[in-house]
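Enquirer: The structure under discussion is supplied below as structure tokens; questions concerning it will follow.
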Amino acid sequence: MKVTLIHGQNHKGSTYHIARMVAEKIGGDIEEFFLPRDSKEGCLGCYACLYKGREFCPHSVQIEAIFRSMLFSDVIVIGSPMRQMQKKNNWTPLDKEHWQRNGWLNKARPY
């Protein structure tokens, strides 16, 4: 079983340890990502991914590993302190993942 573990912080505090314990309890191969370290820039809202294709996203190289891991995972565990929920840039890869599933993969607009 493949588990993708996404941390909403760069340090290894309480939330990190709880999310890590959950992923270890699930078992299998665990791949970890720390935001914003692994995705330094937020989405620009340029829609290049929707209109031209995923390869035209200005951040496509930076976020490709996160998307690939999420797409091929059996389980996705997300750990983020409540104070981080107010910072949209930490959740941008989730927004981009939605557009990838609904727009990038089938080259169709989801609306």
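Since every read-out is calculated from the coordinates, none of them should be taken as a lab result. A quick note: this is a predicted structure, and the numbers were derived from the prediction, not measured. Here the Cβ positions follow ideal geometry from the backbone for every residue, glycine too, while neighbour counts run over all protein chains shown.
Enquirer: Report the label-to-label distance for Cys46 and Gln62 in nanometres (one decimal), using points 7 Å from each Cα along the Cα→Cβ vector.
Expert: A separation of 1.1 nm, rounded to one decimal place.
Enquirer: Would you list, by chain and number, the aspartates and glutamates whose Cα falls below 19 Å from the Cα of Lys12, excluding same-chain residues fewer than 8 positions away?
Expert: Of all the aspartates and glutamates, those that pass the test against Lys12 - Cα under 19 Å, at least 8 places apart if same chain - are Glu24, Glu31, Glu32, Asp38.
Enquirer: If a paramagnetic tag sat 7 Å from the Cα of Ile78 along the Cα-Cβ line, which residues of the range 4-43 would have the backbone N under 13 Å from that point?
Expert: 5-9, 35
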